[in-house]
1. Could you please let me know if B:Q236 is within 9 Å of chain A (Cβ to nearest Cβ) and either surrounded by fewer than 24 Cβ atoms within 10 Å (Cβ to Cβ) or part of a helix (DSSP H, G or I) (or both)?
2. Being under 23 Å from B:G212 (Cα atoms), within 11 Å of chain B (Cβ to nearest Cβ), in contact with a His (Cβ under 8 Å, 6 or more places away or on another chain) and modelled with pLDDT of 85 or more is the requirement here; does A:Y250 meet it?
3. How many residues are within 20 Å of B:S96 (Cβ to Cβ) and in contact (Cβ under 8 Å) with a residue 12 or more places away in the chain if we restrict to segment B:176-190?
4. Within segment A:91-106, how many residues turn out to be free of Cβ contacts under 8 Å to residues at least 40 places away in the same chain, more than 8 Å from chain B (Cβ to nearest Cβ) and hydrophobic (A, V, I, L, M, F, W, C)?
5. Among what's in segment B:239-268 and is surrounded by fewer than 18 Cβ atoms within 10 Å (Cβ to Cβ) and modelled with pLDDT under 90, pick the residue that is nearest to the other protein chains (Cβ to nearest Cβ).
6. Can you tell me which residue among A:F176, A:F215 is within 22 Å of B:I15 (Cα to Cα) and of a type in the set (F, W, Y)?
7. Condition first: more than 15 Å from B:D226 (Cα to Cα) and at pLDDT 85 or above. Now tell me which residues in segment B:59-83 satisfy that.
8. Could you say whether any residue in segment B:212-222 is farther than 15 Å from A:P118 by Cα and either in contact with a Ser or Thr (Cβ under 8 Å, 6 or more places away or on another chain) or in a helix (DSSP H, G or I) (or both)?
Amino acid sequence: MEKRTVFSGKLLPFALLAPQLAVTFVFFYWPAGQAVYQSFLLQDAFGISTEFVWLDNYRQLFSDPAYYQAIMVTAVFASIVAFSALALSLLLAVQADRALTGAGIYKTLLIWPYAVAPVVAGVLWLFMFQPSLGMLAKDIRILGYDWNPYLHPGDALALVIVSATWKQISYNFLLFLAGLQSIPKSLIEAAAIDGATRSRRFWTIVFPLLSPTAFYLLTVNLVYVFFDTFGIIHAVTHGGPAGATTTLVYKVFNDGQAGGDLGSSAAQSTILMLIVIGLTAIQFRFIERKVNY
Amino acid sequence: MVENRPWGDLLSHLILIAGVLVVAFPVYVAFVASTTDITTIANGQLSLVPDRHLVENYVQVLFHGTGSSTKQPMIVPLMNSFIMAIGIAVGKIFISLLSAFAIIYFRFPFRNTAFWVIFLTLMLPVEVRIYPTYKIVSDLHMLDSYPGLIIPLIASATATLLFRQFFMTVPDELLEASKIDGAGPLKFFRDTLLPLSITPISAMFVIQFIYGWNQYLWPLLITTRDNMQTIVIGIQKILLVADALTEWQLAMATTILAMLPPVIVVVAMQRLFVRGLVETEK
């Protein structure tokens, strides 16, 4: 869609775009390019000499078991959080969409965690599951399980998963609800007249019509788990114990800071860049097509 | 309502109430903890009824800081968070309005390229370019400063897209009328376009304020001085002390303080917020 009438200036539009483009180039494209470039370099410990080493950093990365562990952790973490956050919010959105009395109040009471920083979510859940004084940790211990996220890899991952899911439900809920409300009621009524049961109506009409929303949310959730949950991990588990919560992003941060291995850190950044480019590309292809049946 | 099923309705209510409770529970526990004292928590005697140390704890956190971890009164990082969040929101809106205006209301070479350059920043979150970005900010002497906290984050594909979308829906007749009246581009922008855009601007403000307030990795990287910290980083600093020494009642008071402003913004401006979120989906 284009405007019929436009202004004729040739320089003014560039001046208007200048601030945004300047920020984009200086703080986005330049550093991204640097990351890619550095991923081909080997720097000595003092940063005095650098050598162009082609794919050595990548080769090293992919022969490092710790990197595979980070990939596994990220994959498990991302799939569990995305699946639970989507399933729970869909369940809630379907209930709220049934034109119940008080739907507006439920909506208000469910959307506010969107405003909570991931790190805050992590601290809230840590406090309840803190092994020595956490309210819920005590209950778990009474049940006979020796719960301790500071020591047990599985417990730490579970704690991070719960925090990350808790925070993401509100966003998914809102978008699912918007998606549900845009489905014409006449379709559902027609199916009801034909004798379709409630669950059949849901799985054969509502769910397919909701699939573009669900798909969009899936990619958004994956990006969220990959990148935004850094705060939870950094503050609550520090990637441990034994690397059990070291995701790809946490590893980039940690390797660059503690180890100072810039080449490896840059190679990891570049791989992450490819992942996020892939996810966003998929996301926008589907939005463009507006998957519909 | 397709059919009348009282039991189904009851079930829906129960599921929603359960959802609301699960979502609210950790915050409620944190609030109760922030009204109690250290021995109650350390002895594992935290109940679900607020205690009487509320004012004491919040005054302590805001104006004196926590004892063992940081001596920093939290009022400072709280102010920093406000400055950062508002700076980012206003900055994003300002430069994105200008960009969208240029892209929609002018024809010039590389118009599409400019759009794509902005659009593709979506694919480059801070997390994939951590250290090079740090280096640039350091080279520009912007570490430990408000511009350093704000400017690198204000490029916004989301806001540009939203405003572009909105400007498309503005009737062409308005521009034609303005031109007949002899208004130049900037006058049209200021007197016609801006007043029409109040709603999308406010919706964007709500979303971006929350985005700015909740930034974690960026302030963590570029601030080292205590008085430049944001409240979100302040929480992490409290947790850093040896676990047994964590003053949980103060940590929880800080946590509540850190979440209160963005939560208030969302609840108070719910309509704008929902609109902003749902529309940026497109």
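The values are calculated or read from the model by the stated rules, or taken from the named source; none is laboratory data. It should be emphasised that the depicted structure is a prediction, and the values quoted were computed from it without experimental measurement. Please note: Cβ atoms are built from the backbone with ideal geometry, for glycine as well, and neighbour counts cover all protein chains shown.
1. For B:Q236, the condition - within 9 Å of chain A (Cβ to nearest Cβ) and either surrounded by fewer than 24 Cβ atoms within 10 Å (Cβ to Cβ) or part of a helix (DSSP H, G or I) (or both) - is met.
2. Considered against the rule, which asks whether it is under 23 Å from B:G212 (Cα atoms), within 11 Å of chain B (Cβ to nearest Cβ), in contact with a His (Cβ under 8 Å, 6 or more places away or on another chain) and modelled with pLDDT of 85 or more, A:Y250 comes out as yes.
3. 3
4. Residues that pass the stated criteria total 2.
5. In this case the residue turns out to be B:V267.
6. A:F176
7. B:F82, B:I83
8. yes
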